[in-house]
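The values are calculated or read from the model by the stated rules, or taken from the named source; none is laboratory data. Worth saying up front: this structure is predicted, and the values here are computed from it rather than measured. Every residue, glycine as well, gets a Cβ built from its backbone with ideal geometry; the counts of neighbours run over all protein chains shown. Keep in mind that these areas ignore ligands, DNA and RNA; they rest on the heavy atoms of the full protein, side chains included. Shrake-Rupley method; radii C 1.70, N 1.55, O 1.52, S 1.80 Å.
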Amino acid sequence: MDDGITQRAAKTELNNEEFTRYSRHLIMPEVTIEGQRRLKAARVLCIGAGGLGSPAALYLAAGGVGTIGLIEFDEVDLTNLQRQILHGTKDVGRKKLESAGERLRDLNPHTNLELHDCRFTGANAQDLVERYDIVVDGSDNFSTRYLSNDVCVWARKPNVYGSVFRFDGQSTVFAPHLGGPCYRCMFPEPPPAGTVPNCAEAGVLGILPGIIGMIQATEAIKLILGLGDSLLGRLLLFDALKMKFREFNLRRDPQCPVCGENPTITSPIDYEEFCNMSTDSTGVAATAIPTISVHELKQRIDGKTPTIILDVREPFEYEIARIENSILIPLDELPDRLNELNQETEIVALCHGGVRSARAVEFLRGSGFARAINLAGGIDAWASEIDSEMPRY
Ligand SMILES: [Zn+2]
């Protein structure tokens with residue numbers, strides 16, 4: 001790729017400490033001092049310092065990428081540590097940016113860190129992306145992915161994509177200006193809100209984002225060095241259970257509204273509306289489905305208001321934590337077990353974070369249960385706000 005990196009690399013020097021630090025790179029004829037100067041001159045923006053951003057940023061810094069921008073607004077939560085290896089136990093409750101900055105500075109003091117303590121939004125995305133050569137998208141939601149895609153297409157910056165779900169991961173490089181497709185060529189429309197559970201809802205094997213984030217970092221480093229074949233135009237799928245990589249060719253869609261021949265989207269849109277979701281702290285899709293809070297449910301229980309508490313999670317989840325007197329009917333069994341529920345009584349459906357139960361409520365209402373409502377935030381909100389003794393998972 002080219003660009004500013006070549007010009008900046010020509011003016012970049014390495015000191016003796018750096019020669020030693022990067023010696024395993026420098027002795028490779030494909031890298032040498034020239035390549036290491038390119039790495040030092042390069043500017044990479046990592047969106048998110050979570051599961052994907054952690055390994056990506058660590059290896060980019062270790063390998064000598066000169067400037068790493070990190071954009072992150074969140075704080076370290078105990079549930080993060082199973083996979084977000086930038087952060088440690090002592091960091092729980094701290095800003096992720098602080099702990100990430102500390103760790104990365106310790107790893108490589110030559111890396112210039114640009115820490116952006118904010119959300120990545122339509123208002124700041126273009127300004128941010130313009131300042132970097134490559135974007136590594138470690139976000140975990142559709143609206144951010146569409147936003148980072150669109151902005152990278154407009155700014156002609158490669159966008160290294162990764163996503164993980166349970167035991168599966170995927171990665172590719174979007175760069176229409178280099179001849180590849182963009183995210184919208186692959187997914188023109190987001191899935192309907194609530195139909196794709198997120199990692200908080202469905203879980204993820206902790207090492208999965210490690211593998212995919214490192215693939216993203218590998219692709220970024222290859223792009224900087226101009227080495228090998230990138231994932232441009234190829235979607236790489238990883239299945240940890242089968243321990244198999246597969247790949248699919250991706251094609252550019254000439255009708256793509258962003259990178260196509262006659263683009264119809266040329267500036268940021270309302271991505272949350274487009275993806276029909278809210279960005280509340282639980283990441284739960286907000287739809288038109290009637291909802292109550294965990295506090296309202298507590299009041300109903302305390303006031304002995306007749307309410308059926310319907311838990312639609314799986315039995316093993318119910319075993320970990322449950323609300324007293326709740327009925328367990330896993331979501332996929334619900335259609336066959338409607339006769340166990342009373343249409344006249346209010347039904348509060350819950351799951352882990354509120355996504356599956358939103359689907360349950362939608363289904364119940366369509367089946368004549370007009371008093372079905374969703375518990376916002378699910379059992380996780382209950383554990384954090386009502387019952388501090390309850391285990392969280
Ligand atoms: Zn496209």
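Condition check ((1) open to solvent by less than 30 Å² (accessible area, probe 1.4 Å); (2) of a type in the set (A, V, I, L, M)) across all residues:
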site: Ile207; (1), (2): no, yes
site: Gly226; (1), (2): no, no
site: Ala240; (1), (2): yes, yes
site: Lys244; (1), (2): no, no
site: Gln255; (1), (2): no, no
Checklist line | Filter result for the condition that a residue is acidic (Asp, Glu) and either open to solvent by less than 10 Å² (accessible area, probe 1.4 Å) or in contact (Cβ under 8 Å) with a residue 60 or more places away in the chain (or both), over Asp74, Asp91 | finding: Asp91
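Select from segment 72-98 the residues that are part of a helix (DSSP H, G or I) and of a type outside the set (A, V, I, L, M) and list them in ascending order. Full working, then the answer.
Initially, segment 72-98 is screened for residues part of a helix (DSSP H, G or I), giving 78-82, 89-91, 96-98.
Hits for segment 72-98 are Thr79, Asn80, Gln82, Thr89, Lys90, Asp91, Lys96, Glu98.
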Next item on the list: From the list Gly48, Gly4, Gly63, pick out the single residue that is within 18 Å of Gly213 (Cα to Cα) and either modelled with pLDDT under 95 or out of contact with any strand residue (DSSP E or B) (no Cβ under 9 Å at 6 or more places or on another chain) (or both).
Entry: Gly63
Next item on the list: Taking Ile373 as meeting all but one of (1) buried (at least 18 other Cβ atoms within 10 Å of the Cβ); (2) at pLDDT below 95, write down the number of the exception.
Entry: (2)
Check: Mind checking which residues of segment 244-270 are more than 26 Å from Phe120 (Cα to Cα) and polar (S, T, N, Q)?
Finding: Asn249, Gln255, Asn262
Next item on the list: Report, by residue number, each residue of segment 311-359 that is open to solvent by less than 20 Å² (accessible area, probe 1.4 Å) and assigned to a loop (DSSP other than H, G, I, E, B).
Entry: Val312, Arg313, Ala321, Ile323, Ser326, Ile329, Pro330, Leu341, Cys351, His352, Gly353, Gly354
Checklist line | Filter pass, Glu219 being under 29 Å from Val31 (Cβ atoms) and modelled with pLDDT under 95 | finding: no
Check: Would you pick out the residues in segment 178-205 that are assigned to a helix (DSSP H, G or I) and loosely packed, with under 15 Cβ neighbours inside 10 Å?
Finding: Leu178, Ala202
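With respect to Gly35, is the statement that it is of a type in the set (Gly, Ala, Ser) and farther than 23 Å from Glu102 by Cα true?
On the way: of a type in the set (Gly, Ala, Ser): yes; farther than 23 Å from Glu102 by Cα: yes.
Spelling it out, Gly35 is indeed of a type in the set (Gly, Ala, Ser) and farther than 23 Å from Glu102 by Cα.
Please indicate, with yes or no, whether at least one residue in segment 139-154 is in a loop (DSSP other than H, G, I, E, B), open to solvent by less than 40 Å² (accessible area, probe 1.4 Å) and either among the acidic types (Asp, Glu) or within 14 Å of the ligand (Cβ to nearest atom) (or both).
No: zero hits.
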Next item on the list: Kindly indicate the residue of segment 257-307 that is in contact with a Phe, Trp or Tyr (Cβ under 9 Å, 6 or more places away or on another chain) and away from the ligand (no atom under 16 Å from the Cβ) and also modelled with the lowest pLDDT among those meeting that condition.
Entry: Met277
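Inspect all residues belonging to segment 182-191 and state whether any of them is in contact with a Cys (Cβ under 7 Å, 6 or more places away or on another chain), within 30 Å of Tyr393 (Cβ to Cβ) and either more than 16 Å from the ligand (Cβ to nearest atom) or of a type outside the set (Lys, Arg) (or both).
yes
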Note to self: Report every pair of residues separated by at least 6 positions or lying on different chains whose Cβ atoms are under 7 Å apart, first residue within segment 229-256 and hydroxyl-bearing (Ser, Thr, Tyr), second in a strand (DSSP E or B).
What the structure shows: Ser230/Val173
Notebook entry, point to check: Glu362: touching a residue at least 60 places away in the same chain (Cβ under 8 Å) and in a helix (DSSP H, G or I), yes or no?
Noted result: yes
Notebook entry, point to check: Of (1) in contact with a Lys or Arg (Cβ under 7 Å, 6 or more places away or on another chain); (2) in contact (Cβ under 8 Å) with a residue 40 or more places away in the chain; (3) open to solvent by less than 60 Å² (accessible area, probe 1.4 Å), Lys96 satisfies all except one. Which?
Noted result: (1)
